[in-house]
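What follows is a short report on a single structure.
The values are calculated or read from the model by the stated rules, or taken from the named source; none is laboratory data. Source: prediction; values computed, not measured. Every residue, glycine as well, gets a Cβ built from its backbone with ideal geometry; the counts of neighbours run over all protein chains shown.
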Amino acid sequence: MSSPSQPARLCVGILTLNEEKRIAACIRSASFADQILVIDSGSQDRTVEIARALGAQVHVYPDWQGFAEQRNRMLPHIQADYIFFLDADEEFTPALAQEVQQVLQGQEDAIWEVQWNQVAYGRALTHMRSTGGVQRMFRSASLLRFEGVVHEKAVTQPAGLPVRRFRGRLMHYSRETIYGSLQKLAQYTQLGARKRAEAGKRGGVLRGLASGLSNFFRLYVLGRGFLYGAEGFLYCLFVALESFLRYVMLRYDQESLKTFARR
């Protein structure tokens, strides 16, 4: 590990499954890191080959047990003072990379959140308001584990670490095609419904309509999605559909929610 007079070392950790189209750009954006660690869930395409060719350390765990478990499997392989979790459909911007490097100089024990600049169907939705920060960077020694089926939560020691937010944002290429959006919709609808089922929440069509409509209004009107034409409308629509369908699934697909959805 680094000494107080030297910058701390950084590991960038990436979860993958059949990400051959995006993994190269993702890894190259993180080239400033000391270690790039890929945890693959059993890709059938060239994801593992491309990642290794670009210098990433790759470990394959094909027995999918949820996002939290895949992140937990990453932790023993970290060989750096800090870990930044990056999704395969994300890229560091130069501004964010510079900010991260500044944090490494200070070596604070905290949790860092980052916001997204969404890119949907080939168009950057740059001036949309962010939907909120996601916790992505931790001091490795303070990160114990992750919990949760989806939108997993970090457990740290000590608890109650201060939360900081980066000014720079990640580029998030979350929706590139309609077909891919439908696949993602099915996956996250099931995971979101299962998470709510475990919390004892109830579903139904009316509950889903209320959630979907409120989310569409929040993103399309308050979040300024209307500024981006068809691409902005489609992005907000798919997010709203996920909000609607997870409550409908919670009511009508109770049996399927007893098992994990395969990514």
Subject >> Flag if Phe166 is at pLDDT 95 or above, aromatic (Phe, Trp, Tyr) and closer than 30 Å to Ala141 by Cβ >> reply: yes
Original post:
From the residues in segment 213-229 that are out of contact with any strand residue (DSSP E or B) (no Cβ under 9 Å at 6 or more places or on another chain) and loosely packed, with under 13 Cβ neighbours inside 10 Å, which one is farthest from Val239 (Cα to Cα)?
Top reply: Leu227
Original post:
Which of the residues that make up segment 102-133 are within 14 Å of Ser174 (Cα to Cα) and assigned to a strand (DSSP E or B)?
Top reply: Gln115, Trp116, Asn117, Gln118, Val119, Ala120, Arg123, Ala124
Subject >> Residue that is touching a Gly at 6+ places or on another chain (Cβ under 9 Å) and either within 18 Å of Leu250 (Cα to Cα) or basic (Lys, Arg) (or both), where the choices are Lys201, Lys195 >> reply: Lys195
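Table: residues versus (1) touching a Lys or Arg at 6+ places or on another chain (Cβ under 8 Å); (2) closer than 25 Å to Leu125 by Cα; (3) part of a helix (DSSP H, G or I); (4) assigned by TED's automatic domain parsing to the domain that holds Gln65.
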| residue | (1), (2), (3), (4) |
| --- | --- |
| Leu144 | no, no, no, yes |
| His151 | yes, yes, no, yes |
| Leu191 | no, no, yes, no |
| Lys195 | no, no, yes, no |
| Arg202 | yes, no, no, no |
| Leu213 | no, yes, yes, no |
| Phe216 | no, yes, yes, no |
| Tyr228 | yes, yes, yes, no |
**OP:** Starting from residues that are polar (S, T, N, Q) and over 14 Å from Ala8 (Cβ atoms), keep the ones in segment 92-109 and report whichever is surrounded by the fewest Cβ atoms within 10 Å (Cβ to Cβ).
**Re:** Gln98
Original post:
Do we find that Ala97 is part of a loop (DSSP other than H, G, I, E, B) and either touching a helix residue (DSSP H, G or I) at 6+ places or on another chain (Cβ under 6 Å) or of a type in the set (A, V, I, L, M) (or both) in this structure?
Top reply: no
Original post:
Are any of the residues in segment 54-76 out of contact with any strand residue (DSSP E or B) (no Cβ under 7 Å at 6 or more places or on another chain) and on the phi > 0 side of the Ramachandran plot?
Top reply: yes
Original post:
Failed condition for Leu75, given (1) modelled with pLDDT under 95; (2) within 16 Å of Arg145 (Cα to Cα), with all others met?
Top reply: (1)
